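The values are calculated or read from the model by the stated rules, or taken from the named source; none is laboratory data. Everything quoted here is computed from the prediction, not taken from an experiment. Because the Cβ atoms are built from the backbone with ideal geometry, glycine has one as well, and the counts that use them run over all protein chains shown. Surface areas here come from the heavy atoms of the whole protein model, side chains and all, with no ligands, DNA or RNA. Shrake-Rupley method; radii C 1.70, N 1.55, O 1.52, S 1.80 Å.
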Amino acid sequence: MRTRSLLLAALVATFVLPARADEMSSYSVTIAEPRYALVSAPDLLVVRCGPHTEGCTKIVGTSFTGECVPQAGGWGMVPSVSLVPYIFIGVNSPISRTYVHEMTHIDDIERSMEGHVREIASARFQSLDQCREAMNLESTRIEEVTRRFAEESFELRR
């Protein structure tokens, strides 16, 4: 019985618990399940997405939260970003192909945002006040950063 308990404890320690506290995730990026709308009027699709398109993705909600925590070498951020994508597809478009294409944009934005947030989480600050100031700045920039990532994806995939 004791052997089984020790074996179970070893398995839990190996596969469930991180080896060190700093290996735990120091940031998060959450992309909500995309909402979508089929747009029946071509002129409304132009208003939503611009001319010459079968569909588009808009990020309709952004959130940046987090906290400053003591870390090796000073203070660090533990940021969390949430995004809500909305896909617009024209009813005269090839719906499944357009949906898959729009999902690639969401994947691009998620990858770019993860890199951005990982970089933020790796920064160290001398004081709690400096960390909070940087966190507030990132919070005010999150929509601009998201828009830039969406534009980069559009340029990549058009």
Accessible area of region 41-89 divided out per residue, in Å², using a probe of 1.4 angstrom: 50 Å²
Spacing of the two label points (7 Å from each Cα toward its C-beta) at residue 136 and residue 99, in nm: 4.5 nm
log₁₀ of I(q)/I(0) at q = 0.24, 0.29, 0.34, 0.35 Å⁻¹ - region 49-90, Debye sum with one point per alpha carbon: -0.81, -0.93, -1.06, -1.09
Projected label distance in nm at residue 156 and residue 35, using a 7 Å step from Cα toward the beta-carbon: 2.6 nm
Binned Cα-Cα distances of region 46-136, short to long, each 5 Å bin given as a whole percent: 3, 13, 18, 16, 12, 10, 9, 8, 6, 4, 2, 0
Rounded percent of accessible protein surface that carbon and sulfur make up, region 20-97, 1.4 Å probe: 55 percent
5 angstrom amide H check on residue 36, placed H, neighbours 5+ away: 87
